[in-house]
1. Measuring with a 1.4 Å probe in the full set of protein chains, what accessible area per residue, in whole Å², belongs to the range 265-376?
2. Can you tell me which of 47-59, 79-91 comes out highest on packing, and rank the rest after it, using the mean Cβ neighbours within 10 Å?
3. Between the alpha-carbon centers of the range 298-337 and the range 169-196, tell me the distance in whole angstrom.
4. How would you order 248-257, 100-109, 269-278, 335-344 from highest to lowest mean count of nearby Cβ atoms within 10 Å?
5. Looking at the range 150-256, which trypsin sites (Lys or Arg not before Pro) are in a loop (DSSP not H, G, I, E or B) and have at most 14 other Cβ atoms within 10 Å?
6. If you build the Cα gyration tensor of the range 170-260 and take the root of 5 times each eigenvalue, what three semi-axes come out, in whole angstrom, biggest first?
Amino acid sequence: MNRFKYKLVALITVFSMAVSAAFALGNEDPHAPEAEGQKKGFNAKEVILGHVKDAHDWHLFSFGDTHVTLPLPVIIYNPDRGLSVFSSSKFHHGHDAYDGYRLVDAHYLEHHHLSAKEHTEGSIIAVDANDQPTGEKIYDLSMTKNITSMLLAAVLLVIIMLNVAKAYRIRGHRQAPKGLQSLIEPVIIFMRDEVVKPNIPGKKADKYVPLILTIFFFILINNLLGLLPGSANVTGNIAVTAALALISFVVMMAATNRHFWGHIFNPPVPGGVKLILAPVELIGVFTKPVSLMIRLFANILAGHIIILSIISLVFIFGSLNQVAGYGFLPITIVFNIVMMLLELLVAFIQAFIFANLTAVFIGQAMEHEGHHDAHH
């Protein structure tokens, strides 16, 4: 009976997520420019990219012409004018400048004939009284949608782990776990015994267990939050995955020893081959974190785009014929339930792969003398 209830709750949750996502996506981007004398239609590319990219405000959902948006703090440091802090609502979704700054959108780039390479859409630039770019060097330290979502994930991670630790203090380790503790404890034990210890040699493994667990749960929470309607695409952002990969790379470099570098620059191969293999081994040191970065970014972003693309089909068909749009709606819901379930699996798999490979790379960096001699 309990299993049936859990399955029913999971099915209802996924179904509501799919329907809510379709409801949220069914409204055109409120910030997109509208050609004069023309009615703005559904632009799938514009809507999908608007949902997966970072922003200075958080668009939660839309109901008709009513758009519910959470403004976020804009923090700009200008070497000439100092620090400026204000709400992103002052930009009026990119239609106005405020305090000498402007949120760049596609319409502004086109109207002022600016290069998209020099001025990225969605970024903030300094402007003069005539709303013209000044070219001043500024530093954008704003709380964007992705940063806010990451902080939320970090807070959730701390709350979850503190509650589990509290359960151990109250109940002790001899009693069977209950509630949240029973859900988290097997994951912690599995990551410690099946991921960290087999890959990191000796007693040093225990030192890296907190790091690997933090990486796993932080990525997992962000992956799961990213599946909620109106949420931020955190792990589908290349800058976020690059930062996570950089952390893994720094830890890996800190764990290296002379035997590791000896294997890189003096591989156990004939002398002539060393000249070819040594650069390849050195390049491999830097491609490891790059592979971590791209794998997580590509899998999460691709999943979001597929889900949003399937939902977009309803409104593409609806723009052609209203009956066709409503007729395709059940098919879209079924496909999105399947995709949501698949993305739930991907969320766990990608968090596990990132944490597991981090442990593998750290273990490889701790190559001991006996292992190096065995190669020779």
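1. On a per-residue basis, 52 Å².
2. Highest mean packing first, the order is 47-59, 79-91.
3. First find each Cα centre; the distance between them is then 40 Å.
4. Top of the packing list down: 100-109, 335-344, 248-257, 269-278.
5. Here the sparse-neighbourhood loop sites are R174, K178.
6. Rounded to whole Å, the semi-axes are 26, 25, 8.
The values are calculated or read from the model by the stated rules, or taken from the named source; none is laboratory data. Remember, predicted model here, so these are calculated numbers, not experimental data. Note that we place each Cβ from the backbone using ideal geometry, even for glycine, and neighbour counts take in every protein chain shown. Just so you know, the surface numbers come from the protein's heavy atoms only, side chains and all, with ligands and any DNA or RNA stripped out. Shrake-Rupley method; radii C 1.70, N 1.55, O 1.52, S 1.80 Å.
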